[in-house]
1. Straight-line reach from LYS30: which lysines have a Cα under 24 Å away, not including same-chain ones fewer than 8 places off?
2. Taking the chain as a Gaussian network, where each spring joins two C-alpha atoms under 10 Å apart, which residue of GLY16, GLY105, GLY55 fluctuates the most?
3. Below 17 Å, Cα to Cα, which lysines can LYS64 reach? Residues fewer than 8 away in the same chain don't count.
4. Report the paramagnetic label zone for THR79: residues of the range 86-103 whose backbone N is under 16 Å from a point 7 Å from Cα along the Cα-to-Cβ axis.
5. Charges at C-beta only: +1 for Lys and Arg, -1 for Asp and Glu. How large is the resulting dipole of the chain about its Cα centre, in Debye rounded to 20?
6. Counting other Cβ atoms within 10 Å, which trypsin sites (Lys or Arg not before Pro) in the range 1-102 have at most 12 and lie in a DSSP loop?
7. When only Cα pairs under 8 Å and 6 or more residues apart are kept, what is the percent relative contact order across the chain?
8. Using the crude model of +1 on Lys and Arg Cβ and -1 on Asp and Glu Cβ, and no other charge, please compute the dipole size for the range 57-110 relative to its Cα centre, in debye to 20.
Amino acid sequence: QVQLVESGGGLVQPGGSLRLSCAASGRFYKINGMGWYRQVPGKQRELVAAFTSGGSTNYADSVKGRSTISRDNAKNTVTVYLQMNSLKPEDTAVYYCNAVAFYSGSEYVYWGQGTQVTVSS
């Protein structure tokens with residue numbers, strides 16, 4: 001079992017910045033992938049930025065050049081940060097942390113509870 005604890009959402013003005021963090025802890029041998037997705041009502045959840053199992057990063061075209069994902073590996077805890085700059089109203093969404101954990105020979109997918117990001121003046 002892996003617990004994901006998200007923080008950093010809130011209200012920000014257009015052009016502003018925000019940093020989301022997600023800490024994964026619990027029972028796992030390895031976190032194979034971890035990142036952030038977002039969803040607005042009536043639309044599918046979409047990738048924002050994530051680390052792959054190989055350690056590379058993927059970004060949605062809509063956030064490339066404005067966002068940076070980083071990762072901190074500590075004993076029994078992996079934390080992923082998403083720095084978002086030059087925020088636009090269309091970045092408004094619920095942001096979900098996602099982790100793919102490898103444990104006891106199998107992969108398990110976990111989602112955080114979501115954190116609201118609102119970009120508005």
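1. Qualifying lysines at Cα under 24 Å: LYS75.
2. GLY105
3. LYS88
4. Counting only backbone N, you get no residues.
5. On the way: 11 positive and 7 negative charges, 28 e Å.
Roughly 140 debye, rounded to the nearest 20.
6. Working: sites: ARG19, ARG27, LYS30, ARG38, LYS43, ARG45, LYS64, ARG66, ARG71, LYS75; in loops: ARG27, LYS43, ARG45, LYS64, ARG66, LYS75.
For trypsin sites (Lys or Arg not before Pro) across the range 1-102 that sit outside H, G, I, E and B with at most 12 neighbouring Cβ atoms in 10 Å, the list reads ARG27, LYS43, LYS64, LYS75.
7. Details: 303 pairs, mean separation 43.2, N = 121.
The normalised contact order for the chain reaches 36 percent.
8. Working: 5 positive and 5 negative charges, 32 e Å.
Dipole about the Cα centre, nearest 20: 160 debye.
FYI, it's all coordinate maths here, none of it is from the lab. The model shown is predicted, which means the values in this text are computed figures rather than measured ones. Don't worry about glycine lacking a Cβ; one is built from the backbone with ideal geometry, like all the others, and counts go over all protein chains shown.
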